[in-house]
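Read-outs throughout are calculated quantities, based only on the coordinates presented, and are distinct from any laboratory measurement. Because the structure is a prediction, the values reported are computed rather than measured. Virtual Cβ from ideal backbone geometry, glycine too; neighbours counted across all protein chains shown.
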Amino acid sequence: MKIIQLPPHKRENVLPLPVVLISTISKAGICNAAPWGNITPILRPLNLIVLASWLRRDTLDNIRETGEFVVNVPPAAMVEKVMICARNYPPEVDEFEKAGLVPRPSSVVAPPGIEGSIAWMECRLVEEILRENYALVIGQVEHLEVNDRYATGEGDIDIESARPLCMVCGNGGIRYTYPVDAGRFAPFSEMFIKKS
């Protein structure tokens, strides 16, 4: 076996990341949809989510102004629309229109979700942790819905039909992919050591 050493900042070359579309709305009423890979839930069973952002993002500006956003989980079939939203448009451009996204009315926040997504997390800003080059945005998931086309009756995602979009970065760009069921189910109880 040969080991290849990479610079530490290339951790996304080896760490697959989920891809979501974050939808926001500006104070002027312009809809924004931006792809995000730097996002994760904060510890189960809390209802918090954190995303990392460069300081100059329309999405971050909108979240700061309105305190609301929607995390849309796209299937792999939406990859071309995701790439259209990834372009560096000025703030007055509506990415919903550019990418042909259909707005989906939200239940508890103003920004719309995106039709055809696997799931929608309607969030409110809890805290922003500001650093010199980036910000961490902590949001509280106020309302969560799953598209029954991609879920079991209990709300579990059917990985085979949903094919949630993921990405792995490379030296020249991004490789989009989706998870495949490894064929092993583990109940949560299996993680706890039984006392004798």
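Restriction of the trypsin sites (Lys or Arg not before Pro) in the range 103-190 to DSSP coil positions whose beta-carbon has at most 13 other beta-carbons within 10 angstrom yields 131, 184. Answer rounded, prolate or oblate for the range 32-99, using the Cα gyration tensor with square roots of eigenvalues a ≥ b ≥ c: rounded when a/c is under 1.5, else prolate when a/b is larger than b/c, else oblate. Because a/c hits 1.5 or more and a/b fails to exceed b/c, the range 32-99 counts as oblate. Ordering 111-118, 95-102 by mean Cβ neighbour count within 10 Å, with the highest value first, yields 111-118, 95-102.
For the range 142-186, applying the loop criterion from DSSP together with a ceiling of 15 other beta carbons within 10 Å to the GluC sites (Glu not before Pro) yields 154.
Between residue 43 and residue 126, the contour length at 0.36 nm per residue exceeds the alpha carbon distance by 28.3 nm.
Need one word for the chain: rounded, prolate or oblate. Basis is the Cα gyration tensor (sqrt eigenvalues a ≥ b ≥ c); a/c below 1.5 gives rounded, then a/b vs b/c decides. Rounded shape, in that the Cα axes give a/c under 1.5. For the range 6-12, backbone phi angles converted through the Karplus equation (6.51, -1.76, 1.60; θ = phi - 60°) give residue-by-residue couplings of 10, x, x, 6, 8, 4, 6 Hz, Gly and Pro being listed as x. Entry note, the chain: relative contact order of 23 percent, from Cα contacts under 8 Å with a spacing of 6+ residues. Relative protection proxy for 65-71, 4-10, 18-24, 164-170, from highest mean packing down: 18-24, 65-71, 164-170, 4-10 (other beta-carbon atoms within 10 angstrom). Which trypsin sites (Lys or Arg not before Pro) in the range 23-88 sit in a loop by DSSP (not H, G, I, E or B) and have at most 14 other Cβ atoms within 10 Å of their own Cβ? For trypsin sites (Lys or Arg not before Pro) across the range 23-88 that sit outside H, G, I, E and B with at most 14 neighbouring Cβ atoms in 10 Å, the list reads 27, 56, 87. Take the Cα of residue 154, step 7 Å along the line toward its Cβ, and report every residue of the range 115-133 whose backbone nitrogen sits under 20 Å from that point. 119, by backbone N distance to the label point. What you get for the range 1-151, charging only the Cβ of Lys and Arg (+1) and of Asp and Glu (-1), is a dipole of about 620 debye around the Cα centre. Taking a ≥ b ≥ c as the square roots of the eigenvalues of the Cα gyration tensor of the range 111-196, is the shape rounded (a/c under 1.5), prolate (a/b larger than b/c) or oblate? The shape class here is rounded.
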